[in-house]
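Take a look at the structure set out below.
We did not get these values from a lab; they are worked out from the coordinates using the rules stated. The structure displayed is predicted, hence computed values, not measured ones. Cβ: placed from backbone, ideal geometry, glycine included. Neighbour counts: every protein chain shown.
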Amino acid sequence: MTPINTPSTTLPIKAGIVGTGYAAKQRAETLQTDSRSTLVAVSGHTPEKTQDFATTYKASCVNSWQQLVEHPDLDLVFICTINRDHGAITSAALEAGKHVVVEYPISLDPKQAESLVTLAQAKGKLLHVEHIELLGGLHQALRQSLVEIGNPFYARYVTLIPQRPAPQRWTYNRELFGFPFKAALPHVHRFTNLFGEVVSVSCQSQFWGESDDYKACLCNGQMRFANGLIAEVTYGRGEVFWQRSRKFEVHGEQGTLVFEGEQGTLIREEEKTPIEVSSRRGLFVKDTCMVLDYLEQGKPLYVSPSASCYALKVGDALRQSAETGKTINL
C-alpha cells in the first residue's frame, strides 16, 4: 500500500471509537499513549458505560454512532461494537470521509463487505479489518514451521469453550453475533491465509435454546482447497461443554505440526521437537500502531480487506451448507 496523502493524516490523527468493550479499551489506551494520535470521541450502547469510558480516556461522549461518524473533527473511526452493525457503521463512516478500522467481520453480508472495499477505494480512505490472529504467536510459528513437514494434505482446528451459565450477551444472539464461522472469522481466515483458495465446503451446526438467545452452539465444517488440502474446523461454546480445547494440527508428507494452547510440536516418527510460540498479549496495541504507521508513513499493513472478505465468503458458504445440508462449491 502507498501513503494516503490527504489532510486527514496530519498529526495528531484524531480518532473516535464506537464501542466500550475490551477491544475498544485497548484501542483507547494505545491512541492516548501514542503521540501521533488522540482520542476525541466515543459512542456506546449503554449511556452510563459510555460516559465512564469517555471520562476514563478524556474523550467526549457522543449519543450515537451516527453522530460519531459525522463528527467534524475526526480523521479515523474504530468500530468495536456488535457484529450486526459493522457494515452499516463502516459504510456511514466512509461516506463521511473517515478512515475506518473495524473488528472482524467487516460485515455479516459478503456482498456488502465487497461493496465496502470498493467504497473505500473510491473515497481514497483506509479500510482496515482487524485480524490480530495473524499477528499472534501461534499463527506466526505455524507459518514458519510449514516448510518442515513437506506437502500438507490435512489440517484440523478445534476450539471448544465451556461457559456455564452462558452469558446473557450479544455474543450468544443469532442476529447480533451472526453464524459462528462468519462471526468468529479467524477459524476460517487462518486456513485461507495459509493455504489459499477454497473450492468446496460442507458444514453441520447445532444450537441449544429455543430463541435467538442460545445457550450453546457447535459448528463443524470441512473445506477442500484448490491445492488438494482437506481442512476440518470445529467451533463450540456454551453450557453443554465441559472441557476447554484449542488445538491446531497440520499433517504433511514429511511430518506433523501440533499446536495445543501455547505449546507447539513438530512430530516426525518418534522425534518430537518443541516449537516456540510467543505470547498473544499486546496484539491490539500492535495492530493500532500499525494503522498509525500506515496513515503517517504508508508502511504496509499485515492484511488486506479483500483477504478478510474472501474468508467471510467461505464462512458464509459454510453457513449455507449447514442450513441446506448440501456441499457448497465456491
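Quick look at the numbers
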item: Whole-Å distance, taken between Cα centres, linking region 178-195 and region 241-318; result: 11
item: Cα pair distances of region 174-230 binned at 5 Å [whole percent]; result: 4, 16, 25, 21, 14, 10, 7, 2, 0
item: Region 53-181: antiparallel DSSP beta bridges as a percent of all, rounded to 5; result: 0
item: Percent of beta bridges antiparallel (DSSP, the chain, rounded to nearest 5); result: 60
item: Separation of the Ser60 and Ser304 label points, Cα + 7 Å toward Cβ, nm; result: 3.8
item: For Glu130, distant residues with modelled amide H under 5 Å away; result: Val102, Glu103, Tyr104
item: Residue-by-residue Karplus 3J(HN,Hα) for region 242-247, coefficients 6.51, -1.76, 1.60, Hz, glycine and proline x; result: 10, 10, 6, 8, 9, 9
item: Prolate/oblate/rounded call for the chain, Cα gyration tensor, a/c under 1.5 rounded; result: prolate
item: Phi to ³J(HN,Hα) by Karplus 6.51 cos²θ - 1.76 cosθ + 1.60 over region 325-330, Hz, x for Gly, Pro; result: x, 10, 6, 10, 8, 9
item: Volume per residue that the Cα convex hull of region 82-140 spans, once the total is divided by residue count, Å³; result: 86
item: Packing-based exposure ordering (other Cβ within 10 Å, fewest first) of Tyr302, Tyr310; result: Tyr302, Tyr310
item: Simple spin-label estimate for Thr46 and Arg169 in nanometres, 7 Å along Cα-Cβ; result: 1.1
item: Cα-derived Rg over Rh, computed across region 160-311 with Rh taken as Kirkwood radius; result: 1.00
item: Under 29 Å from the Cα of Lys247 - lysines, other chains or at least 8 residues apart; result: Lys25, Lys182, Lys215, Lys272, Lys286, Lys313, Lys326
item: Rounded to whole Hz, the Karplus (6.51, -1.76, 1.60) HN-Hα couplings of region 273-290, x for glycine and proline; result: 10, x, 10, 6, 10, 6, 5, 8, 5, x, 6, 5, 4, 4, 4, 4, 5, 5
item: Cβ-defined net charge surrounding Ala317, 12 Å radius [Lys, Arg +1; Asp, Glu -1]; result: +3
item: Kirkwood-based shape ratio for region 78-211, expressed as Rg/Rh from alpha carbons; result: 1.00
item: Principal-axis tilt of helix 110-123 within the chain, Cα atoms, nearest 10 degrees; result: 40
